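As structure tokens, the structure follows; a few thoughts come after it.
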Amino acid sequence: MNPSPAREPSPSAPSPPPSGGGAKEWTSVPFSEALRRLRSDPERGLATEEVGRRRAVSGPNEVPERTTPAVVRLARQFWGPTAWMLEVTVALSAALGNYVDAAIIAFLLVFNAVLGFTQDWRAGKALELLREHLQVGTRVLRDGTWTTRPARELVPGDVVRIRAGDVAPADLKLGSGEVEMDESALTGESAPVQKGTDGLVFSGSITRRGEATGVVVLTGASTLFGRTTVLVRSAHPRSHVIEVTNQLVRWLLLLVAAFLAVGLAAAALEGLALVPLLPLALLLLISAIPVALPAMFTVATALGALELARRGVLVTRLNASEDAASMDLLLTDKTGTLTENRAEVSEVLPTGSLSPEDVLRLGAACSQEADQDPLDLAFLQAARDRGPSRLPPLKRFLPFDPSTRRTEALFGEGDAEIRVTKGSPGALEDLAGLGGEEREGLEAQVRALAERGARPLAVARKLGPRPWEIVGLVGIRDPPRKDAGALVSELRELGVGVRMITGDSQAVAAEVAQSVGIGSRIVDGGSFRASVAKDWAEAGIMAEGADGFSRVYPEDKFGIVRALQHRGHLVGMTGDGVNDAPALAQAEVGIAVSTATDVAKASASAVLTRPGLEPMVQMVRIGRQIHQRVVTWVLSKIVKTFQIAVFVVLAFLLFGTFVVTPFDVVLLLLSVDFVMLSLATDRASGSSAPTSWRMAPLLLTGMMVGVLALGESLLLLVLLRHLVPKLTSNASELDTLGFELLFYFGIFTVLSVRSPGHFWRAPPGRDFLLVVLLDLAALTGLVSVGIPYLSAVPLAVTLPLLLGIALFSLGVNDAVKTLLLRHSLSPPRPSRVGATSAGTPNAGR
């Protein structure tokens, strides 16, 4: 229905400046004041020319897209410590004429770049889904005529109308009508919110009942929904694959630089030319490159993802499972994660002579199952559990009306007529004409129900000509999941503290958090926002000491995650709605629950396909197994790098020649590093506490084992020169023996360091052991017959050498490794990170 014509805004009036500050600044502004500020006419809307001028200022009602060309994203993969080392090595190889080596290393460089390139698509995917959600049609008043236009064409000052089933196209200030809005996608709470004149309707919320007309106050990225989109785009969780790789590269560079300095100093003292040192630099650079580490992460996490899929977790970011191993705090949404996301009668308080059962039956009498209203269903189910109703046949039913805030049913006729209603306690108090002490007493009961975490509703009846009387109060709650308490306890046993986040009241939050064993220290979202505005450090301490958060906005969830990250925590976040998307994207481990929206799933790093937190527990356990496999690879790499670096420098200083060639080292990369990818299938036991990457103890252990391996290598080489002088006097065969020493020590070192204890206490997995045996057989066969760049060595020499290396590696070296790692790599058990009786939780590593 078109409103009557009235004065149209002057086309010459200046366009309003873009609105700032967000939706909160418009909350207390009356509709009339909003019209004045926006220079809008509620009876004719905006003129077409004025719309064009305003769009030039505010832009379209969508989030501006910010993209980076694919070429630029790919080029970034060739920038960084690992890429630099590979690039320098390729250049040195080509300069020295070793074109085969240069080609192989260049292939490894491109391989790593392609692996990293595929990770850049995720933020764009989440943003695209959010932008698509904004593209809805809406009824808008333009030039005095109601038309349907795409939501992206709206500007501040447009007059629009929403009704049941509509998605709010922008943030609106209502001028007439009443609606019931579902804001669960924004706030995470299932209970609908009543909006009337001067109320603020948020973009992205869904109209469940009623109709209303309002003026657009905010559009695009300025709306609550649009700001969520911007937060998703700005969320940048730390990549621990990159962090670990960079840490390892830095340590190995220091190690290589130290030995290179020794070589340069010796050369300077001997008066040697610099050109002969280029092969030495090349060898040391190649030995320091953790070229297979990114691939190791990828293979290990991909296989872990397949295992997790069988257990109800779909991983959308491969390294999320490894991050889950390090996670020490889990922020969980209340609705649908800790609770069942359904309404249930929790308490009945009769106010007169009726029994609780009679109060419930009367409440059910003014409920309809066909409407599928959660509150109606809760009353019907509770009454059904208590037996059939004895009321006369139903004559008339009035569904919920936002203007009266109640439902009503009529039974019987004349003096036998019975009218029953349920709804807001305040509305029914007015209906029954309560006042004075009687009203105060009822309101005290209403407050008590709210403090116990329930949503209070009143039930009233009218018998014939008698006045309305309130017969009781009914508390409605979203019940906790039956397994929530046990899973929270299990996560705590794994050293993962659980914190609850909800848009609900502090009373409801405290009740739910206590019922599932999280705790009762609930911080209000307003207090957290005030703390953030004052000091981020203070906000971090506040977030760290809380058991949960109530009345939060999307910015609060995002801020809570960042505050905890600044305190050194690795944070997991579960959620299901648009409101959770920024925090899911920012958290190291973002987990969308089984009922999540597409936006939440796109922002998360894992999606649960089963309800509850059980899949999350499995993600932590499997993630820690993956972590142990990667630790094995890293430790083996440190040992091998140290052994090669010292071995090459000593040989150069003692003999003025190289025991191995650049080709030998590249072949070692392929035969040991990439074969170690099979560690992804190895049997491993995870830690009982959050894992962390502490390079110092790994480096110390690696260097000690490397020193032992170096001494044992030189001892075996001396023995061979004494026992087989003809073989070791030949430079090419000596080169092959050097390769064999490094290869066999590399393989048996992997078997030794794959667990912190003695190697025999953790039998290897079948697939891993098979790959190791095949690798040993293949390389032993190759050096027995000889290949280009490697001369043949008889099996009579190779097999005793292999046996000696096995005895040294699995005997002496394994004992030293066990002694060093027994304490340094077994993290102490956290002191009840999630316990309610504990003080400030673990502040990180």
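Give me P(r) over region 495-594, computed from all C-alpha to C-alpha distances, binned every 10 Å, as integer percentages.
P(r) for region 495-594, in whole percents per bin: 17, 52, 30, 1.
Under a point-charge model restricted to the Cβ atoms of Lys and Arg (+1) and Asp and Glu (-1), what is the dipole moment magnitude of region 437-591 relative to its Cα centre, in debye to the nearest 20?
For region 437-591, the charge dipole is close to 340 debye.
Structure shown: which of Lys195/Lys422; Lys195/Lys395; Lys173/Lys395 lie over 28 Å apart, alpha-carbon to alpha-carbon?
Checking Cα-Cα distances, Lys195/Lys395; Lys173/Lys395 exceed 28 Å.
How big is the charge dipole of region 395-526 about its Cα centre, in debye rounded to the nearest 20, if each Lys and Arg gets +1 on its Cβ and each Asp and Glu gets -1 on its Cβ?
Rounded to the nearest 20 debye, it is 320 debye.
So, by mean Cβ neighbours within 10 angstrom, what's the order for 39-46, 695-702, 463-470, 508-515 with the highest one leading?
In descending order of packing, they fall as 508-515, 39-46, 695-702, 463-470.
Under a Cβ-Cβ cut-off of 10 Å, what is the net charge of the residues other than Pro611 that fall near it, where Lys and Arg count +1 and Asp and Glu count -1?
-1
Residue by residue, what Karplus-based ³J(HN,Hα) values in Hz, rounded to whole numbers, does region 618-632 have, using 6.51, -1.76 and 1.60 with θ = phi - 60° and x for Gly and Pro?
Residue by residue, region 618-632 yields 4, 5, 5, 5, 5, x, 6, 5, 4, 4, 5, 5, 5, 4, 4 Hz.
Taking Lys601 as the anchor, which aspartates and glutamates have their alpha carbon closer than 15 Å to its alpha carbon, excluding any fewer than eight residues away along the same chain?
Glu128, Glu132, Asp333, Asp576, Asp580, Glu588
If packing is taken as the average number of other Cβ atoms within 10 Å across a peptide's residues, how do 375-386, 150-161 rank, most packed first?
Descending mean neighbour count gives 150-161, 375-386.
Skipping prolines and chain starts, which residues have an amide H placed within reach, meaning under 5 Å, of the one on Ser346, given they are 5 or more residues away or on another chain?
Under 5 Å from the amide H of Ser346: Gly475, Ile476, Arg477.
Whole-Hz Karplus ³J(HN,Hα) for region 799-804, in order, using 6.51 cos²θ - 1.76 cosθ + 1.60 and θ = phi - 60°, x for Gly and Pro?
Whole-Hz 3J(HN,Hα) from phi for region 799-804: 5, x, 4, 4, 5, x.
Straight-line reach from Lys637: which aspartates and glutamates have a Cα under 12 Å away, not including same-chain ones fewer than 8 places off?
By straight Cα distance, Lys637 reaches Asp673.
Show me, for region 514-529, the HN-Hα J-couplings you get by feeding each phi into the Karplus relation (A = 6.51, B = -1.76, C = 1.60, θ = phi - 60°), rounded to Hz, glycine and proline as x.
5, 5, 9, x, 7, x, 10, 7, 9, 9, 6, x, x, 5, 5, 4
What order do you get for 809-820, 25-36 when each peptide is scored by the mean count of other beta carbon atoms within 10 Å, highest first?
Order by mean packing, descending: 809-820, 25-36.
Each value in this text was obtained by applying a stated rule to the coordinates, not by laboratory testing. It should be emphasised that the depicted structure is a prediction, and the values quoted were computed from it without experimental measurement. Cβ: placed from backbone, ideal geometry, glycine included. Neighbour counts: every protein chain shown.
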